[in-house]
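Take a look at the structure set out below.
The values are calculated or read from the model by the stated rules, or taken from the named source; none is laboratory data. What you see is a predicted model, and the numbers here were worked out from it, not measured in a lab. Counting neighbours? That spans all protein chains shown, and the Cβs are built from the backbone with ideal geometry, glycine included. Side chains included, ligands, DNA and RNA excluded: accessible areas come from the protein's heavy atoms. Shrake-Rupley method; radii C 1.70, N 1.55, O 1.52, S 1.80 Å.
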Amino acid sequence: MIREAIILAGGLGTRLRSAVPDLPKCMAPVAGRPFIAYLTDYFRAAGIERFIFALGYKSSYFDELLQRELPPGSYEISVEEEPLGTGGAIQRACGLARDRTVLVLNGDTFFGIGLPALSAFHEDRKADCTLCLRPMENFDRFGVVELGPDQRVIDFREKQYYTKGLINGGVYALNVERFLEEGLPEKFSFEKDWLEAFYTQRRFFGLEQDSYFIDIGIPADYERVQKEVGMMTIKK
């Protein structure tokens, strides 16, 4: 069972600046609480015991929040002095990981995945990385991930209009040791420079999960999540 998570929380949030001008994107208030607090609530309830926060932009804004929301000793902070890209941020945070497998989350996206199912699937496939995929219909904001019969990733398709498809939900189970052995540069994109560049050579799999998903990166979805805050909880 995966017990450790990296949360990418260093984004500038430029597209959300009109709605939340002075905060990192994942700190945007939702029903009176920072969005990222709903992430930590959900995944602590799901079984995550330790968080590594990959921070950059206005990292000091997180100090009080983490002390208030999380038990002492249950988190660490990895701070990038200059933007390293998603890959560089994950690579640096992996240096603080204690477990063989970590969950990787985007701090501005909520995807209510089933952690036990993901853990079992990732272990069974002996995957280098397992992508959590969300089925969608009639969309153009996201690219599509294609899977083979064994649920192995066989293609990444660019953003355009799709009537239906599986999108990358921004939640991953990652084999830490294999990732750190890649010898990747200090700055790179996890999605473009690793997943999309290496999927034919590595054991990348996709697990479809049809659960609540929202990315607050644009003002319209940030407004929508205010009304749907009750969806960001573990369903009993």
Hey, can you tell me all the residues within the stretch 2-26 that are more than 19 Å from Val104 (Cβ to Cβ), modelled with pLDDT of 65 or more and not acidic (Asp, Glu)? Val20, Leu23
Listed by range, helices (runs of 4 or more DSSP H) wholly within the stretch 38-126 having at least 3 residues that are on the phi > 0 side of the Ramachandran plot are none
Can you name the residue in the stretch 183-236 that is under 28 Å from Gln91 (Cα atoms) and basic (Lys, Arg) and is also least open to solvent (accessible area, probe 1.4 Å) among such residues? Arg202
Scanning for something open to solvent by 40 Å² or more (accessible area, probe 1.4 Å), in contact (Cβ under 8 Å) with a residue 24 or more places away in the chain and of a type in the set (S, T, N, Q), does the stretch 138-149 turn up at least one residue? yes
Complete set of residues in the stretch 157-191 that are within 15 Å of the chain's Cα centre (by Cα), over 21 Å from Glu4 (Cα atoms) and free of Cβ contacts under 8 Å to residues at least 60 places away in the same chain: Ile167
Single residue of Val79, Val102 found to be under 20 Å from Ser189 (Cβ atoms), buried (at least 22 other Cβ atoms within 10 Å of the Cβ) and of a type outside the set (S, T, N, Q): Val102
